[in-house]
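Scroll down for the structure; my scribbles are underneath it.
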Amino acid sequence: MNEIVRRIAEAADSESPRAERARTSAEILRAARDYRWVGIYDVGDDEISLLAHTGAPPARSRFPLTEGLSGEAVRTRDTVTSGSKIIVPVLGAESGIVIGTLDVESDRVGAFSDEDVSFLEACAAVLRPLYD
């Protein structure tokens, strides 16, 4: 687990363009656990927008800030799991506000154990450089 988190941290904080860093981070994470889909999103004042993804394309690349599981993760500033999907907020280091989300889908319903949640929260934390 620590090796994967370290690799994601290096990808997110590299000198590459932002979209490339996000896509590489998503690819590392998806390959590490064989997830169906990984997306990294920006959280703005009014909407959530896709920064990068790997796997099948998302149904929508932009949606209202208050909508669905992502809206719940932003509102509560906490990880939200439902069936085969998990949304992990990326919090600003100093502000504690949600600046992004890490969205992950599995092929299995109920796929995310407590260990998976901890792992994905660690991954989300090292994505902060994408938002600087």
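What the table below lists for this structure:
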item	result
Ranked packing of 72-83, 28-39, most packed first, by mean Cβ within 10 Å	28-39, 72-83
The chain - percent relative contact order, Cα under 8 Å, separation 6 or more	25
Solvent exposure of the chain as accessible area per residue, Å², 1.4 Å probe	52
Most fluctuating residue given options I48, I87, I40, as computed from a GNM of the chain linking Cα atoms under 10 Å	I48
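The values are calculated or read from the model by the stated rules, or taken from the named source; none is laboratory data. Just so it is clear, the model here is predicted, and its values are computed rather than measured. Note: ideal-geometry Cβ built from the backbone for every residue, glycine included; neighbour counts use all protein chains shown. SASA here: full protein model, heavy atoms, side chains in, ligands and nucleic acids out. Shrake-Rupley method; radii C 1.70, N 1.55, O 1.52, S 1.80 Å.
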